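The values are calculated or read from the model by the stated rules, or taken from the named source; none is laboratory data. This is a predicted model, so every value here is computed, not measured. Counting neighbours? That spans all protein chains shown, and the Cβs are built from the backbone with ideal geometry, glycine included. Areas reflect the complete protein model, heavy atoms only, side chains present, ligands, DNA and RNA absent. Shrake-Rupley method; radii C 1.70, N 1.55, O 1.52, S 1.80 Å.
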Amino acid sequence: MAVCIAVIAKENYPLYIRSVPTENELKFHYTVHTSLDVVDEKISAMGKAMVDQRELYLGLLYPTEDYKVYLCNIAASPCSHTFLHRYGYVTNSKVKFVMVVDSSNTALRDNEIRSMFRKLHNSYTDIMCNPFYNPGDRIHSRAFDNMVNSMMMQVC
Amino acid sequence: MSRQAGRGTESKKMNSELFTLTYGALVTQLCKDYENDEDVNKQLDKMGYNIGVRLIEDFLARSNVGRCHDFRETADVIAKIAFKMYLGITPSITNWSPGGDEFSLILENNPLVDFVELPDNHSSLIYSNLLCGVLRGALEMVQMAVDVKFVQDTLKGDSVTEIRMKFIRRIEDNLPAGEE
(Lines give C-alpha, C1' and ligand atoms only; values in the text may rest on other atoms or scores of the structure.)
Protein backbone atom coordinates (compact mmCIF):
# COMPACT_ATOMS: atom_id res chain seq x y z
CA MET A 1 0.00 0.00 0.00
CA ALA A 2 1.04 3.53 -0.65
CA VAL A 3 2.21 5.54 2.33
CA CYS A 4 2.93 8.80 0.57
CA ILE A 5 1.73 10.31 -2.66
CA ALA A 6 3.04 13.55 -4.06
CA VAL A 7 2.39 15.64 -7.14
CA ILE A 8 5.26 17.90 -8.14
CA ALA A 9 4.98 20.78 -10.57
CA LYS A 10 7.14 21.24 -13.61
CA GLU A 11 9.32 23.69 -11.67
CA ASN A 12 9.82 21.11 -8.89
CA TYR A 13 7.64 22.62 -6.21
CA PRO A 14 4.97 20.49 -4.56
CA LEU A 15 1.38 20.78 -5.76
CA TYR A 16 0.12 18.10 -3.47
CA ILE A 17 1.65 15.87 -0.85
CA ARG A 18 -0.04 13.50 1.46
CA SER A 19 1.25 10.75 3.68
CA VAL A 20 -0.48 8.22 5.84
CA PRO A 21 1.19 8.54 9.22
CA THR A 22 0.66 12.29 9.35
CA GLU A 23 3.17 12.81 12.16
CA ASN A 24 5.98 11.80 9.80
CA GLU A 25 5.02 14.36 7.24
CA LEU A 26 8.29 16.26 7.15
CA LYS A 27 10.19 13.05 6.74
CA PHE A 28 8.18 12.24 3.65
CA HIS A 29 8.73 15.70 2.28
CA TYR A 30 12.46 15.02 2.43
CA THR A 31 11.99 11.58 0.94
CA VAL A 32 10.06 12.93 -1.99
CA HIS A 33 12.46 15.82 -2.38
CA THR A 34 15.46 13.55 -2.69
CA SER A 35 13.58 11.36 -5.15
CA LEU A 36 13.28 14.29 -7.49
CA ASP A 37 16.97 14.16 -8.29
CA VAL A 38 16.59 10.56 -9.31
CA VAL A 39 13.57 11.48 -11.40
CA ASP A 40 15.55 14.19 -13.18
CA GLU A 41 18.40 11.78 -13.72
CA LYS A 42 16.10 9.18 -15.20
CA ILE A 43 14.46 11.67 -17.51
CA SER A 44 17.73 12.95 -18.88
CA ALA A 45 19.20 9.46 -19.15
CA MET A 46 16.27 8.15 -21.16
CA GLY A 47 16.19 11.29 -23.23
CA LYS A 48 14.67 11.01 -26.63
CA ALA A 49 13.87 7.33 -26.58
CA MET A 50 11.36 7.72 -23.77
CA VAL A 51 9.72 10.75 -25.28
CA ASP A 52 9.17 8.88 -28.51
CA GLN A 53 7.64 5.89 -26.82
CA ARG A 54 5.50 8.10 -24.65
CA GLU A 55 6.41 5.99 -21.69
CA LEU A 56 5.52 8.05 -18.64
CA TYR A 57 6.22 5.50 -15.96
CA LEU A 58 9.75 5.73 -14.63
CA GLY A 59 9.68 2.60 -12.57
CA LEU A 60 11.33 2.01 -9.24
CA LEU A 61 13.46 5.00 -8.27
CA TYR A 62 15.24 3.33 -5.37
CA PRO A 63 14.41 1.30 -2.32
CA THR A 64 15.20 2.42 1.21
CA GLU A 65 15.04 0.77 4.54
CA ASP A 66 15.28 3.81 6.75
CA TYR A 67 11.57 3.99 7.35
CA LYS A 68 11.95 0.97 9.58
CA VAL A 69 14.37 2.80 11.84
CA TYR A 70 12.08 5.74 11.97
CA LEU A 71 9.09 3.66 12.89
CA CYS A 72 10.97 2.00 15.74
CA ASN A 73 12.22 5.25 17.16
CA ILE A 74 9.19 7.45 16.93
CA ALA A 75 6.06 5.43 16.68
CA ALA A 76 7.47 2.60 18.77
CA SER A 77 5.66 0.11 16.64
CA PRO A 78 6.92 -3.45 16.41
CA CYS A 79 10.06 -3.62 14.41
CA SER A 80 9.37 -5.36 11.16
CA HIS A 81 11.28 -5.29 7.97
CA THR A 82 9.64 -2.36 6.33
CA PHE A 83 10.90 -1.57 2.93
CA LEU A 84 9.94 1.59 1.22
CA HIS A 85 9.97 1.71 -2.50
CA ARG A 86 9.71 4.93 -4.38
CA TYR A 87 8.17 5.01 -7.77
CA GLY A 88 8.10 7.89 -10.20
CA TYR A 89 5.92 8.93 -13.09
CA VAL A 90 6.26 11.99 -15.24
CA THR A 91 3.66 13.42 -17.58
CA ASN A 92 4.40 14.95 -20.94
CA SER A 93 3.98 18.36 -19.37
CA LYS A 94 6.74 17.48 -16.88
CA VAL A 95 4.49 17.18 -13.88
CA LYS A 96 5.87 14.47 -11.63
CA PHE A 97 4.10 11.98 -9.47
CA VAL A 98 6.07 10.28 -6.74
CA MET A 99 4.68 7.44 -4.73
CA VAL A 100 6.29 5.88 -1.68
CA VAL A 101 5.11 2.34 -1.23
CA ASP A 102 5.43 0.16 1.78
CA SER A 103 6.14 -3.26 0.39
CA SER A 104 7.29 -5.14 3.44
CA ASN A 105 4.76 -7.92 3.30
CA THR A 106 3.80 -8.12 -0.32
CA ALA A 107 5.84 -7.49 -3.35
CA LEU A 108 3.88 -5.21 -5.58
CA ARG A 109 3.81 -6.08 -9.16
CA ASP A 110 4.98 -3.52 -11.63
CA ASN A 111 1.70 -3.29 -13.51
CA GLU A 112 -0.21 -2.65 -10.29
CA ILE A 113 1.95 0.39 -9.61
CA ARG A 114 1.51 1.38 -13.20
CA SER A 115 -2.27 1.27 -12.96
CA MET A 116 -2.16 3.26 -9.72
CA PHE A 117 -0.19 5.94 -11.48
CA ARG A 118 -2.60 5.93 -14.35
CA LYS A 119 -5.45 6.46 -11.90
CA LEU A 120 -3.54 9.29 -10.32
CA HIS A 121 -2.88 10.82 -13.71
CA ASN A 122 -6.54 10.66 -14.70
CA SER A 123 -7.54 12.24 -11.44
CA TYR A 124 -4.98 14.98 -11.93
CA THR A 125 -6.36 15.62 -15.41
CA ASP A 126 -9.83 16.08 -13.94
CA ILE A 127 -8.44 18.60 -11.46
CA MET A 128 -6.87 20.53 -14.30
CA CYS A 129 -10.24 20.60 -16.04
CA ASN A 130 -11.93 22.20 -13.05
CA PRO A 131 -12.51 25.79 -14.11
CA PHE A 132 -11.95 27.01 -10.55
CA TYR A 133 -8.48 25.53 -10.34
CA ASN A 134 -5.63 27.74 -11.48
CA PRO A 135 -2.76 25.72 -12.92
CA GLY A 136 0.23 25.90 -10.62
CA ASP A 137 -1.76 26.30 -7.42
CA ARG A 138 -1.72 23.75 -4.66
CA ILE A 139 -4.40 21.15 -5.11
CA HIS A 140 -7.33 21.43 -2.72
CA SER A 141 -9.90 19.04 -3.97
CA ARG A 142 -12.19 16.63 -2.22
CA ALA A 143 -12.35 14.33 -5.22
CA PHE A 144 -8.58 14.12 -5.40
CA ASP A 145 -8.30 13.57 -1.65
CA ASN A 146 -10.78 10.72 -1.83
CA MET A 147 -8.95 9.09 -4.68
CA VAL A 148 -5.61 9.36 -2.89
CA ASN A 149 -7.16 8.01 0.30
CA SER A 150 -8.55 5.03 -1.54
CA MET A 151 -5.12 4.31 -2.97
CA MET A 152 -3.58 4.46 0.47
CA MET A 153 -6.20 2.20 2.01
CA GLN A 154 -5.98 -0.33 -0.76
CA VAL A 155 -4.02 -3.37 0.26
CA CYS A 156 -2.26 -4.59 -2.80
CA MET B 1 -21.75 25.62 -35.34
CA SER B 2 -22.03 25.94 -39.09
CA ARG B 3 -24.93 27.98 -40.28
CA GLN B 4 -24.26 27.45 -43.95
CA ALA B 5 -24.92 23.76 -43.78
CA GLY B 6 -28.60 24.43 -43.25
CA ARG B 7 -30.61 23.13 -40.39
CA GLY B 8 -31.72 19.58 -40.72
CA THR B 9 -33.31 17.42 -38.13
CA GLU B 10 -30.01 15.64 -37.54
CA SER B 11 -28.09 16.83 -34.52
CA LYS B 12 -24.52 17.92 -34.86
CA LYS B 13 -22.05 16.40 -32.48
CA MET B 14 -19.80 18.46 -30.30
CA ASN B 15 -17.04 17.35 -28.03
CA SER B 16 -18.47 17.36 -24.53
CA GLU B 17 -15.21 18.32 -22.81
CA LEU B 18 -14.88 21.36 -25.04
CA PHE B 19 -18.41 22.34 -24.17
CA THR B 20 -17.90 21.81 -20.44
CA LEU B 21 -14.61 23.70 -20.39
CA THR B 22 -16.04 26.56 -22.40
CA TYR B 23 -18.89 26.96 -19.97
CA GLY B 24 -16.44 26.69 -17.06
CA ALA B 25 -14.30 29.44 -18.52
CA LEU B 26 -17.37 31.62 -18.90
CA VAL B 27 -18.47 31.16 -15.31
CA THR B 28 -15.02 31.69 -13.81
CA GLN B 29 -14.59 34.85 -15.87
CA LEU B 30 -17.90 36.14 -14.54
CA CYS B 31 -16.73 35.31 -11.03
CA LYS B 32 -13.65 37.45 -11.64
CA ASP B 33 -15.66 40.31 -13.12
CA TYR B 34 -18.33 40.54 -10.45
CA GLU B 35 -17.90 41.13 -6.77
CA ASN B 36 -20.36 38.65 -5.38
CA ASP B 37 -22.04 35.41 -6.34
CA GLU B 38 -25.54 36.90 -6.51
CA ASP B 39 -24.45 39.18 -9.33
CA VAL B 40 -22.91 36.26 -11.17
CA ASN B 41 -26.12 34.25 -10.77
CA LYS B 42 -28.10 37.17 -12.11
CA GLN B 43 -25.76 37.62 -15.04
CA LEU B 44 -25.88 33.90 -15.91
CA ASP B 45 -29.65 34.03 -15.84
CA LYS B 46 -29.67 37.06 -18.12
CA MET B 47 -27.31 35.40 -20.59
CA GLY B 48 -29.42 32.28 -20.50
CA TYR B 49 -32.52 34.31 -21.16
CA ASN B 50 -30.92 35.85 -24.22
CA ILE B 51 -29.92 32.42 -25.44
CA GLY B 52 -33.40 31.05 -24.74
CA VAL B 53 -35.32 33.64 -26.73
CA ARG B 54 -33.20 32.78 -29.76
CA LEU B 55 -32.89 29.08 -29.19
CA ILE B 56 -36.64 28.51 -29.21
CA GLU B 57 -36.77 29.39 -32.91
CA ASP B 58 -34.07 26.89 -33.68
CA PHE B 59 -35.79 24.31 -31.54
CA LEU B 60 -39.19 24.72 -33.17
CA ALA B 61 -37.66 24.62 -36.62
CA ARG B 62 -35.72 21.45 -35.99
CA SER B 63 -38.04 19.46 -33.80
CA ASN B 64 -41.36 19.97 -35.62
CA VAL B 65 -43.30 19.83 -32.39
CA GLY B 66 -46.71 21.41 -32.50
CA ARG B 67 -48.53 23.52 -29.97
CA CYS B 68 -48.67 22.06 -26.49
CA HIS B 69 -52.15 21.74 -25.02
CA ASP B 70 -51.22 21.75 -21.38
CA PHE B 71 -48.26 22.25 -19.11
CA ARG B 72 -47.69 18.51 -18.78
CA GLU B 73 -47.14 18.24 -22.47
CA THR B 74 -44.75 21.18 -22.30
CA ALA B 75 -42.80 19.41 -19.58
CA ASP B 76 -42.52 16.30 -21.73
CA VAL B 77 -41.28 18.25 -24.72
CA ILE B 78 -38.68 20.05 -22.62
CA ALA B 79 -37.34 16.92 -20.98
CA LYS B 80 -37.55 14.40 -23.81
CA ILE B 81 -36.87 16.54 -26.86
CA ALA B 82 -35.22 19.83 -25.90
CA PHE B 83 -32.75 18.51 -23.33
CA LYS B 84 -31.98 15.56 -25.54
CA MET B 85 -31.33 17.78 -28.52
CA TYR B 86 -29.12 20.36 -26.85
CA LEU B 87 -27.47 18.61 -23.93
CA GLY B 88 -27.78 14.95 -24.82
CA ILE B 89 -29.50 14.03 -21.59
CA THR B 90 -33.08 13.17 -20.70
CA PRO B 91 -34.08 14.45 -17.29
CA SER B 92 -36.99 12.82 -15.52
CA ILE B 93 -40.10 14.75 -14.59
CA THR B 94 -41.37 14.35 -11.04
CA ASN B 95 -43.00 16.11 -8.11
CA TRP B 96 -45.99 17.53 -9.89
CA SER B 97 -47.89 19.93 -7.71
CA PRO B 98 -51.58 19.02 -7.18
CA GLY B 99 -52.62 21.94 -9.36
CA GLY B 100 -50.45 20.69 -12.23
CA ASP B 101 -48.65 24.00 -12.58
CA GLU B 102 -45.33 23.10 -11.03
CA PHE B 103 -42.89 20.25 -11.60
CA SER B 104 -39.28 19.22 -11.16
CA LEU B 105 -36.72 18.17 -13.71
CA ILE B 106 -34.27 15.71 -12.22
CA LEU B 107 -30.89 15.62 -13.93
CA GLU B 108 -28.96 12.49 -13.06
CA ASN B 109 -25.82 13.95 -14.51
CA ASN B 110 -25.40 17.50 -15.58
CA PRO B 111 -22.94 17.85 -18.46
CA LEU B 112 -22.13 21.42 -17.44
CA VAL B 113 -20.49 20.38 -14.19
CA ASP B 114 -18.38 17.40 -15.30
CA PHE B 115 -15.08 18.46 -13.70
CA VAL B 116 -16.28 21.21 -11.44
CA GLU B 117 -15.73 21.45 -7.71
CA LEU B 118 -17.05 24.61 -6.14
CA PRO B 119 -14.45 26.32 -3.99
CA ASP B 120 -15.53 27.30 -0.46
CA ASN B 121 -15.62 31.02 -1.22
CA HIS B 122 -18.28 30.53 -3.89
CA SER B 123 -20.80 28.66 -1.81
CA SER B 124 -23.79 30.68 -3.00
CA LEU B 125 -22.90 30.50 -6.68
CA ILE B 126 -25.52 28.70 -8.76
CA TYR B 127 -23.13 27.33 -11.32
CA SER B 128 -25.64 26.13 -13.90
CA ASN B 129 -28.00 29.08 -13.55
CA LEU B 130 -27.71 29.66 -17.29
CA LEU B 131 -30.11 26.75 -17.81
CA CYS B 132 -32.81 28.52 -15.81
CA GLY B 133 -32.49 31.56 -18.00
CA VAL B 134 -32.64 29.48 -21.16
CA LEU B 135 -35.85 27.75 -20.08
CA ARG B 136 -37.43 31.00 -18.96
CA GLY B 137 -36.50 32.81 -22.17
CA ALA B 138 -37.59 30.02 -24.45
CA LEU B 139 -40.97 29.56 -22.80
CA GLU B 140 -41.59 33.28 -22.75
CA MET B 141 -41.40 33.31 -26.52
CA VAL B 142 -44.18 30.75 -26.69
CA GLN B 143 -46.42 32.82 -24.43
CA MET B 144 -45.66 31.14 -21.15
CA ALA B 145 -44.33 32.97 -18.16
CA VAL B 146 -42.54 30.54 -15.89
CA ASP B 147 -40.41 30.69 -12.82
CA VAL B 148 -37.35 28.44 -12.96
CA LYS B 149 -34.87 27.75 -10.20
CA PHE B 150 -32.45 25.20 -8.89
CA VAL B 151 -33.52 23.48 -5.71
CA GLN B 152 -30.87 20.76 -5.61
CA ASP B 153 -27.41 20.74 -7.09
CA THR B 154 -24.82 17.98 -7.16
CA LEU B 155 -22.15 20.65 -6.75
CA LYS B 156 -23.57 21.46 -3.34
CA GLY B 157 -23.53 17.87 -2.19
CA ASP B 158 -27.00 16.76 -3.27
CA SER B 159 -27.26 13.41 -5.01
CA VAL B 160 -29.08 14.79 -8.05
CA THR B 161 -29.64 18.12 -9.72
CA GLU B 162 -33.22 19.34 -9.54
CA ILE B 163 -34.68 22.23 -11.49
CA ARG B 164 -38.07 23.42 -10.29
CA MET B 165 -40.36 24.99 -12.88
CA LYS B 166 -43.51 26.88 -11.98
CA PHE B 167 -46.08 28.06 -14.47
CA ILE B 168 -47.14 31.62 -13.72
CA ARG B 169 -49.46 32.73 -16.49
CA ARG B 170 -50.06 32.82 -20.19
CA ILE B 171 -48.77 35.92 -21.87
CA GLU B 172 -51.68 37.23 -23.89
CA ASP B 173 -50.13 39.66 -26.30
CA ASN B 174 -47.32 38.65 -28.60
CA LEU B 175 -45.14 41.61 -27.82
CA PRO B 176 -41.83 40.62 -26.27
CA ALA B 177 -41.14 41.94 -22.79
CA GLY B 178 -40.06 45.54 -22.61
CA GLU B 179 -41.91 46.70 -25.71
CA GLU B 180 -45.30 47.37 -24.20
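Every listed requirement among (1) in contact with an Asp or Glu (Cβ under 7 Å, 6 or more places away or on another chain); (2) under 16 Å from B:Leu112 (Cα atoms) is met by B:Met47 save one, (1). If you go through region A:119-154 and pick out every residue that is within 18 Å of the chain's Cα centre (by Cα), under 19 Å from B:Gly157 (Cβ atoms), assigned to a loop (DSSP other than H, G, I, E, B) and among the polar types (S, T, N, Q), you end up with 1.
Of all the criteria given as (1) touching a helix residue (DSSP H, G or I) at 6+ places or on another chain (Cβ under 8 Å); (2) open to solvent by 70 Å² or more (accessible area, probe 1.4 Å); (3) within 14 Å of chain A (Cβ to nearest Cβ), the one not satisfied by B:Leu130 is (2).
Only a single criterion out of (1) surrounded by 14 or more Cβ atoms within 10 Å (Cβ to Cβ); (2) over 29 Å from B:Asp39 (Cα atoms); (3) at pLDDT 90 or above is not satisfied by B:Glu73, namely (1).
If I go through region A:6-39 residue by residue, how many of them are in a helix (DSSP H, G or I) and either in contact with a helix residue (DSSP H, G or I) (Cβ under 9 Å, 6 or more places away or on another chain) or touching a residue at least 12 places away in the same chain (Cβ under 8 Å) (or both)? Walk me through how you get there before you give the answer.
Applying the first criterion (in a helix (DSSP H, G or I)) to region A:6-39 yields A:22-39.
Next, from what is left, pick out any that are either in contact with a helix residue (DSSP H, G or I) (Cβ under 9 Å, 6 or more places away or on another chain) or touching a residue at least 12 places away in the same chain (Cβ under 8 Å) (or both): A:23-24, A:27-29, A:31-32, A:35-36, A:38-39.
Of the residues in that region, 11 qualify.
You will find that of A:Tyr62, A:Tyr16, A:Tyr67, A:Tyr89, the residue that is at pLDDT below 75 and open to solvent by less than 20 Å² (accessible area, probe 1.4 Å) is A:Tyr67 and no other.
Among residues of region A:117-136 that are at the interface with another protein chain (Cβ under 9 Å from one of its Cβ atoms), those with a Cβ under 8 angstrom from a residue that is open to solvent by 80 Å² or more (accessible area, probe 1.4 Å) and assigned to a helix (DSSP H, G or I), sequence gap 6+ or separate chain, pair up as A:Cys129/B:Glu17.
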